[in-house]
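Asker: One structure follows; several queries about it will come next.
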Amino acid sequence: MDYNRLVDVMRLLALQAGAKIMEIYEGPDFDVHLKSDNSPVTAADEAADALISAGLAEAFPQTPIVTEEQADSHDQHVSTFLIVDPLDGTKEFVQRRGDFTVNIAYVEDGVPTRGVVYAPARGRLFYTLADGRAVEEVGPVFDLAKPGEQRPISVAVPDNRGLRIVASKSHRDQATDDYLARYAARDLTSAGSSLKFCLVATGEADLYPRLGRTMEWDTAAGDAVLRGAGGKMVRFDDLAPFTYGKEGFANPFFIAYAPGVLLAK
């Protein structure tokens with residue numbers, strides 16, 4: 001894989017998809033319907049998916065693509081592939097709360113090594129460079145033709161004042177609250193979509209646990225950015241390394257965190 005080209009293509013497609021999404025987000029009321037798993041989908045999901053899928057297929061015709069909105073792609077058995085969530089946080093989008101993202105990632109031998117997370121309503125753009133290091137491009141306006149200032153990002157070193165924890169805005173439950181109670185926290189923030197990974201990656205949070213259903217397209221791009229910033233992602237049950245290309249692309253529960261965090265048992 002040509003990583004320089006990969007990063008350029010993923011960044012451009014994320015920005016173009018974000019623009020399509022915002023056209024619908026800022027327009028009149030839009031239709032929402034349910035997929036077979038009862039998750040919502042809108043015209044914005046479908047338009048962004050069509051744009052990204054076509055762009056990736058043209059640029060990297062030999063690389064398998066897995067995308068949330070194309071059920072046929074979920075039957076693949078692959079360990080190296082591109083994976084897309086064209087609109088992560090559809091519930092946030094529908095309720096016009098802004099915490100939604102475009103996620104595109106490249107997985108190599110089960111590990112997400114490159115990725116982009118774009119939050120168009122927040123004007124924040126995170127991605128990995130060709131060498132794997134994570135940056136946040138300075139926004140909120142981004143030039144399609146060339147990147148602007150790229151600020152390196154890095155996870156924080158937790159201190160004795162307590163942890164800064166970020167948790168799901170739309171999927172909090174008692175099990176998550178019980179787990180969070182095991183930590184001495186000085187701040188608890190709710191956020192939607194893969195922005196939670198990016199908050200840990202930038203040092204704005206220290207810990208993000210998820211005790212609920214997710215799919216690989218929900219996490220791969222944010223995971224890549226987090227790893228590129230020095231963070232870690234592990235399974236919740238046994239703290240084993242988190243891998244991709246699993247059967248059906250379904251995830252187990254997980255913990256994303258800065259390495260300085262002592263995980264509770």
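All of the numbers you see were taken from the coordinates with simple rules; none came from a lab. All figures in this text were calculated on a predicted structure; none of them were measured in a lab. As a convention, Cβ positions derive from the backbone with ideal geometry for all residues, glycine included, and neighbour counts pool all protein chains shown.
Asker: What number, in percent, do you get for the relative contact order of the stretch 163-257 if the mean sequence gap of Cα pairs under 8 Å and at least 6 apart is divided by its residue count?
Answerer: 31
Asker: Right, next: If I take every Cα pair under 8 Å that is 6 or more residues apart in the chain, average their sequence separation and divide by the length, what percent do I get for the relative contact order?
Answerer: Taking the mean separation of contacting Cα pairs over the length of the chain, I get 18 percent.
Asker: Which whole-Hz ³J(HN,Hα) couplings does the stretch 207-220 yield from phi under the Karplus relation 6.51 cos²θ - 1.76 cosθ + 1.60, θ = phi - 60°, glycine and proline marked x?
Answerer: With the stated coefficients, the stretch 207-220 comes to 8, 9, x, 10, 10, x, 5, 9, 10, 4, 5, 6, 10, 4 Hz.
Asker: Grab the DSSP H runs of the chain that are 4 residues or longer, score each as -39,500 (n - 2.57), total them, divide by all residues and round the 222 nm result to the nearest 500 deg cm²/dmol.
Answerer: -8500 deg cm²/dmol
Asker: At a 10 angstrom cut-off on C-beta neighbours, averaged per residue, how do the peptides 210-216, 135-141, 178-184 rank from highest to lowest?
Answerer: My ranking of the peptides, most packed first, is 210-216, 135-141, 178-184.
Asker: Could you list which residues have their amide H under 5 Å from that of Thr189, counting only those 5 or more apart in sequence or on another chain, with H placed in the peptide plane?
Answerer: For Thr189, whose amide H was placed from the backbone, the distant partners under 5 Å are Ile165, Val166, Ala167.
Asker: Per-residue HN-Hα couplings for the stretch 90-99, Karplus 6.51 cos²θ - 1.76 cosθ + 1.60 at θ = phi - 60°, whole Hz, x for Gly and Pro?
Answerer: Running phi through 6.51 cos²θ - 1.76 cosθ + 1.60 with θ = phi - 60° gives 4, 4, 5, 4, 4, 8, 6, 9, x, 8 Hz.
Asker: Could you tell me which of rounded, prolate or oblate describes the stretch 3-152, using a ≥ b ≥ c as the square roots of the eigenvalues of the alpha-carbon gyration tensor, with rounded for a/c under 1.5 and, failing that, prolate when a/b is larger than b/c and oblate otherwise? Don't jump to the answer; show the numbers that get you there.
Answerer: Working: a/c = 1.91, a/b = 1.12, b/c = 1.70.
In terms of gyration-tensor shape, oblate.
Asker: Here is a follow-up. Report the relative contact order of the stretch 51-148, percent, no decimals, based on alpha-carbon pairs under 8 angstrom and at least 6 residues apart.
Answerer: After rounding, I find 15 percent.
Asker: While we're here: Spelling out what I want: for every residue of the stretch 198-203, take phi, set θ = phi - 60°, compute 6.51 cos²θ - 1.76 cosθ + 1.60 (Karplus), and round to whole Hz; glycine and proline get x.
Answerer: The phi angles translate into 5, 5, 6, 4, 8, x Hz.
Asker: Amide H of Val66 versus every other amide H placed in the peptide plane: which residues, excluding those fewer than 5 positions away on the same chain, fall under 5 Å?
Answerer: Counting only residues 5 or more places away or on other chains, the set is Leu82, Ile83, Val84.
Asker: Just order 121-127, 19-25, 87-93 by mean Cβ neighbour count inside 10 Å, highest at the front, would you?
Answerer: 87-93, 121-127, 19-25
Asker: How far is the Cα center of the stretch 78-100 from the Cα center of the stretch 195-265, in Å?
Answerer: About 16 Å separates the Cα centre of the stretch 78-100 from the one of the stretch 195-265.
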